[in-house]
Amino acid sequence: MAELDTSGGGKHKGGKVRSKKASTRVDLTAMVDLAFLLITFFMLTTTLSKPKAMDLTMPDKEEKQTDQLAVAASRSMTILLGANNKIEWFIGEPGKSQPTTDSYGKNGIRKTLLEKGKEIQASTGKYMVVLIKPSDKSNYKNVVDVLDEINITKVQSYAIVDITPGEVELLKRDGNY
């Protein structure tokens, strides 16, 4: 049991006769119990930070892809992920339209996704399909950043696919590989 004793010192011989002071005794047991109850309560009721994850649907490895979705080139946007956090994008087929170098963030690829998505919706009446093609020089953070931008702009259909040698040459030509 925890206690606090504030009694006077020992007896001194001689001098005036004084009345004996009553010892002040404070029992701290209840306060210690209350402190542990509060700590336990707050530990159990506090929510810890939850992991943030994006749902991603991937095809089965064993199942062979036989049926592919035919998409018009005018509806497809290809995003090439290069070295040094550089992005190149183009609408349509590689070589037929000039790629544009862009950056990440709200004034970069996000703005482009919003604008081109609206243009394609207005011209074709269908939603835009985005193809993400990471190169050997890009890193994992670049893929996650592009997926975040696609999630923010609410692109309905997108895919992560292998980059072709012709597209690697586009990155090399523009100094992004």
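Numbers for the structure displayed
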quantity: Leu114-Ser74 pseudo-label distance in nm [points 7 Å out on the Cα-to-Cβ vector]; calculated: 2.6
quantity: Pairs of lysines in segment 73-173 (C-alpha under 14 Å apart; 8 or more residues apart or interchain); calculated: 12
quantity: Correct option for log10 I(q)/I(0) by the Debye sum over Cα atoms at q = 0.08, 0.17, 0.18 Å⁻¹ [calculated from the coordinates] among (i) -0.25, -1.02, -1.12; (ii) -0.45, -1.11, -1.20; (iii) -0.22, -1.08, -1.23; calculated: (ii)
quantity: Leading residue at positive end of dipole, the chain (Cβ point charges), from Val146, Ser97, Leu48; calculated: Leu48
quantity: Total charge dipole magnitude, the chain, about the Cα centre, Cβ charges on Lys, Arg, Asp, Glu only, Debye to nearest 20; calculated: 1660
quantity: Cleavage-rule hits, trypsin sites (Lys or Arg not before Pro), segment 49-135, DSSP coil, Cβ neighbours within 10 Å at most 14; calculated: Lys52, Lys61, Lys64, Lys96, Lys106, Lys126
quantity: Inter-label distance, nm, simple model (7 Å from Cα along the C-beta direction), Thr40/Ala53; calculated: 3.3
quantity: Radius 15 Å from Cβ of Leu147, net charge of other residues (Lys, Arg +1; Asp, Glu -1); calculated: +1
quantity: Segment 55-177 - percent relative contact order, Cα under 8 Å, separation 6 or more; calculated: 28
quantity: Amide hydrogen neighbours beyond the local backbone of Ser157, cut-off 5 Å, H modeled; calculated: Val130
quantity: Ranked Val161, Val146, criterion: other C-beta atoms within 10 Å, fewest first; calculated: Val161, Val146
quantity: Unit charges at the beta carbon, dipole of the chain: most positive-side option, Leu80, Phe36, Ala159; calculated: Phe36
quantity: Computed lengthening from Thr100 to Asp162, 0.36 nm per intervening residue step minus Cα-Cα distance; calculated: 20.4 nm
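The numbers here are math on the coordinates, done by the rules we state, and not lab data. Bear in mind the structure is a predicted one, so any value in this text is a computation, not a measurement. We place every Cβ from the backbone using ideal geometry, glycine too, and count neighbours over all the protein chains shown.
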